[in-house]
1. Is there a residue being outside any helix (DSSP H, G or I), outside the structural domain of A:VAL56 (by TED's automatic domain parsing), under 20 Å from the mean Cα position of the chain (by Cα) and among the basic types (Lys, Arg) anywhere in the range A:135-147?
2. Given the options B:VAL263, B:VAL255, name the one that is among the β-branched types (Val, Ile, Thr), within 14 Å of chain A (Cβ to nearest Cβ) and surrounded by 12 or more Cβ atoms within 10 Å (Cβ to Cβ).
3. I'd like the residue in the range B:122-147 that is in a helix (DSSP H, G or I) and more than 25 Å from B:ALA270 (Cα to Cα) and, out of all such residues, is most open to solvent (accessible area, probe 1.4 Å).
4. Since A:ALA139 meets every condition but one in (1) more than 10 Å from chain B (Cβ to nearest Cβ); (2) at pLDDT 85 or above, which condition does it not meet?
5. Among the listed residues B:PRO268, B:PRO219, which satisfies the condition of being assigned to a helix (DSSP H, G or I), within 18 Å of B:GLU136 (Cα to Cα) and not aromatic (Phe, Trp, Tyr)?
6. Look at B:TYR220 and say whether it is under 27 Å from B:ASP85 (Cβ atoms) and at pLDDT 95 or above.
7. Determine whether A:ALA114 is buried (at least 20 other Cβ atoms within 10 Å of the Cβ) and touching a residue at least 60 places away in the same chain (Cβ under 8 Å).
8. From the list B:ALA119, B:ALA179, B:ALA80, which residue is over 19 Å from B:VAL230 (Cβ atoms), free of Cβ contacts under 8 Å to residues at least 40 places away in the same chain, more than 14 Å from every other protein chain (Cβ to nearest Cβ) and assigned to a helix (DSSP H, G or I)?
Amino acid sequence: MVSAVTSQGRHTPNQARRISDPRAVAETVTDPELPMLTLADLGVLRDVSEVDGTVVVTITPTYTGCPAMDTMRDDLVHALRDAGYRDVDVRTVLHPPWSSDWITDEGKRKLAEAGISPPGATPRNDGPIPLTLGSPVHAVRCPHCGAANTEELSRFSATACKSLRRCRVCAEPFEHVKEI
Amino acid sequence: MSFDNAYEAVSEANDQARWAFGTGFTDPLSGVDTSLPSGVDGNDLASYCLMLGDDALIMSHRLQQWCTRAPELEDEVALANIGLDLLGQARLLLTRAGKAGTAMPASAGAAVADRPEDALAFFRDEHEFRNIRLAELSSHEPVDFALVIAQLLVFATWRLALLRRLTDSRDPVLAAIAAKGVKEVTYHRDYAAQWTVRLGDGTDYSHRRMQSGLDAVWPYVGELFDTHPVERALADVAVDPAMSRTEFDDVLTQVCSAATLTVPDIPPLAGVSGRKGRDGVHTEEMGFLLAEMQAVARAHPEATW
């Protein structure tokens with residue numbers, strides 16, 4: 001999936017700054033809504049390569065309507081330009097669709113540290129998609145006190161990718177990144 | 001962000017840096033290979049994308065109208081989130097329609113050729129919209145929460161069955177849009193189904209309201225499963241909605257049973273001389289919806305935001 005990044009010396013720097021690996025630069029860019037996570041932690045950054053002097057960055061949206069996509073593109077272009085890469089092309093891939101399973105272990109750890117409960121494994125199924133009339137069965141731990149006794153308040157929260165929950169032990173509300 | 005001189009700071013190339021979300025919306029299919037699969041008629045594909053895109057756009061607008069009107073903050077956020085997902089699907093599908101259409105020969109697909117998503121959303125007239133009439137139903141004035149739940153339950157159940165089949169489309173762009181959409185519409189349907197059960201199996205009053213909500217949307221169900229000539233022409237690219245009727249009925253029976261509601265037995269609304277939403281014939285409410293949705297863009301046609 002991820003191609004190797006070419007060596008550092010092939011492009012011409014347009015600024016007198018130290019040029020690092022374009023992948024390393026792209027990996028420092030953070031998510032606009034979850035700034036504790038990089039786009040790489042989130043699994044949104046799919047590929048960084050260099051083609052004829054242009055850095056080609058490939059990203060995938062978490063949700064189709066995610067309004068942060070334009071900001072992500074801009075942030076990537078600016079980070080790479082600041083590092084001396086003048087020609088940057090940010091491309092979108094839709095397939096395969098983003099899954100919360102792509103959030104790295106490091107990303108899940110950072111979410112938990114920020115008080116946001118990370119997603120569990122995504123359910124898999126073939127054929128008609130089963131209807132869920134009750135609360136989701138998987139246990140979600142409270143990121144504050146660690147208790148497993150939590151309840152869903154709403155499947156929807158401040159961003160498309162999170163739900164709102166409450167801990168029945170410490171009574172604190174918290175956000176949970178949904179499994180999709 | 002610093003600039004070397006004042007002119008650089010105001011030049012178009014640097015414009016995006018000064019705004020949180022950019023000054024114009026970029027192509028949502030930016031960088032996606034949008035070449036046509038072999039043997040597919042571009043205008044047919046454009047017409048088909050327009051149907052699915054208009055369904056999502058109009059339903060999204062109806063859900064957005066619930067902002068400030070929902071019974072609880074959580075449900076306001078929920079309806080807005082669902083509207084946002086559908087708006088995202090609409091953007092991709094309308095963009096695909098504009099790219100797939102070719103100017104000749106003249107056809108419904110040709111009318112959208114090379115038009116960007118905003119032009120399709122804001123500068124088409126009522127008869128050019130291809131959405132099913134269910135999406136147009138107004139539930140926010142006067143506020144009727146049971147009606148929007150019934151509308152969303154039917155819409156999401158139908159669309160989920162359709163998108164799931166569309167993931168096997170021979171058009172890789174449609175297949176990819178469908179695969180993302182399936183994940184989203186799955187929880188749209190769950191949301192509507194859970195509220196249907198809560199209201200239907202609640203008090204006598206909420207039960208009565210939920211049943212009348214379902215009864216009110218039922219005349220618009222039949223149209224969802226009509227096979228359109230474009231869907232027939234695009235054999236392995238489009239999905240024949242008639243194939244999904246059993247799955248739809250199974251889900252509605254399951255939800256109504258848990259909600260102690262009756263699956264309505266109400267005949268479908270006829271078209272006008274047989275013409276319905278997919279043919280550009282809409283309900284009275286559609287004109288009011290478009291007037292609101294398109295007013296700002298039409299008042300300031302050169303504006304970017």
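The values are calculated or read from the model by the stated rules, or taken from the named source; none is laboratory data. Computed from a predicted model, the values in this text were never measured in an experiment. Cβ: placed from backbone, ideal geometry, glycine included. Neighbour counts: every protein chain shown. SASA here: full protein model, heavy atoms, side chains in, ligands and nucleic acids out. Shrake-Rupley method; radii C 1.70, N 1.55, O 1.52, S 1.80 Å.
1. Taking every residue of the range A:135-147 in turn, none turns out to be outside any helix (DSSP H, G or I), outside the structural domain of A:VAL56 (by TED's automatic domain parsing), under 20 Å from the mean Cα position of the chain (by Cα) and among the basic types (Lys, Arg).
2. After applying the criteria, what remains is B:VAL255.
3. It comes out as B:PHE122.
4. (2)
5. B:PRO219
6. So B:TYR220 passes the test.
7. Judged against the criteria, A:ALA114 is not a match.
8. So the residue among B:ALA119, B:ALA179, B:ALA80 that is over 19 Å from B:VAL230 (Cβ atoms), free of Cβ contacts under 8 Å to residues at least 40 places away in the same chain, more than 14 Å from every other protein chain (Cβ to nearest Cβ) and assigned to a helix (DSSP H, G or I) is B:ALA119.
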